[in-house]
1. Given the condition in a strand (DSSP E or B), away from ligand 1 (no atom under 13 Å from the Cβ) and not assigned by TED's automatic domain parsing to the domain that holds residue 31, answer yes or no: does some residue in the stretch 70-82 qualify?
2. I'd like the full set of residues that are surrounded by 17 or more Cβ atoms within 10 Å (Cβ to Cβ) and under 14 Å from residue 83 (Cβ atoms), limited to the stretch 27-51.
3. I'd like the full set of residues that are over 16 Å from residue 61 (Cα atoms), in a loop (DSSP other than H, G, I, E, B) and within 30 Å of the chain's Cα centre (by Cα), limited to the stretch 26-49.
4. Determine, yes or no, whether residue 146 is farther than 30 Å from residue 99 by Cα and more than 16 Å from ligand 2 (Cβ to nearest atom).
5. Among the residues of the stretch 168-181, are any free of Cβ contacts under 8 Å to residues at least 40 places away in the same chain, on the phi > 0 side of the Ramachandran plot and touching a strand residue (DSSP E or B) at 6+ places or on another chain (Cβ under 9 Å)?
6. Taking the stretch 98-121 only, how many residues are surrounded by 15 or more Cβ atoms within 10 Å (Cβ to Cβ) and more than 11 Å from ligand 1 (Cβ to nearest atom)?
7. Can you tell me which residue is surrounded by the most Cβ atoms within 10 Å (Cβ to Cβ) among those in the stretch 8-21 that are at pLDDT 95 or above and within 17 Å of residue 66 (Cβ to Cβ)?
8. Does the stretch 195-204 contain any residue that is under 20 Å from residue 150 (Cβ atoms) and surrounded by 18 or more Cβ atoms within 10 Å (Cβ to Cβ)?
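The values are calculated or read from the model by the stated rules, or taken from the named source; none is laboratory data. Note that the structure is predicted; figures quoted are calculated from it, not measured. Note that each Cβ is placed from the backbone with ideal geometry, even for glycine, and that neighbours are counted across all protein chains shown.
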Ligand SMILES: [Zn+2]
Ligand SMILES: [Zn+2]
Ligand SMILES: [Zn+2]
Ligand SMILES: [Zn+2]
């Protein structure tokens, strides 16, 4: 997907057909985003006077913009063009520090830290908090709760969260089905999986939280952003005890 947006300023007639029919005429700003979203702004307020969000198809020509999505259609006829240009756009995120690779400003958005000036991109683990403190490599560090609180570099190649979690929790708990040790493994996400695999297929995704006292079933309980629960989310041991 190209990350170029079109910006057109001009005297236009806008015709929307779909859930409602509407025609507008005036001096407007038309924005066509890389995801094909079309926004038509007039002189007033923050809201577009006409729009179509992520339509199936948008075509842009010097005197016409047309977007279609199912039975909806937005057509903007440009009678007189004041400006028509294309500009690069990116995700806009919260600034979190400087990019050691190029000196650009790292930003956080949609579960990752990325640099708009180079290709650097670091996926954030669930629940990660980016800290003000920097690693020796120049990247910010993050705090991630996986049983306990770990502080590691954003770059997994630099400081591996998985290794730290393994050091702390590999073989710490036993499989409730067969009694073998639970290993810290990466299967897509981080999991605690039975060592006897494939004879025993018991496995639990590693919760994004702090391990508290053990559950009555023998597994640890985790304090997470969504509440406290047993490593085995199906486990009902604790609830029968605490229900009053
Ligand atoms: Zn960069
Ligand atoms: Zn580092
Ligand atoms: Zn097992
Ligand atoms: Zn339990």
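1. No: the stretch 70-82 contains no residue that is in a strand (DSSP E or B), away from ligand 1 (no atom under 13 Å from the Cβ) and not assigned by TED's automatic domain parsing to the domain that holds residue 31.
2. 28, 29, 30, 31, 32, 41
3. Scanning the stretch 26-49 gives 35, 45, 46, 47, 48, 49.
4. no
5. yes
6. Here the count works out to 1.
7. The qualifying residue surrounded by the most Cβ atoms within 10 Å (Cβ to Cβ) is 12.
8. Looking through the stretch 195-204, at least one residue is under 20 Å from residue 150 (Cβ atoms) and surrounded by 18 or more Cβ atoms within 10 Å (Cβ to Cβ).
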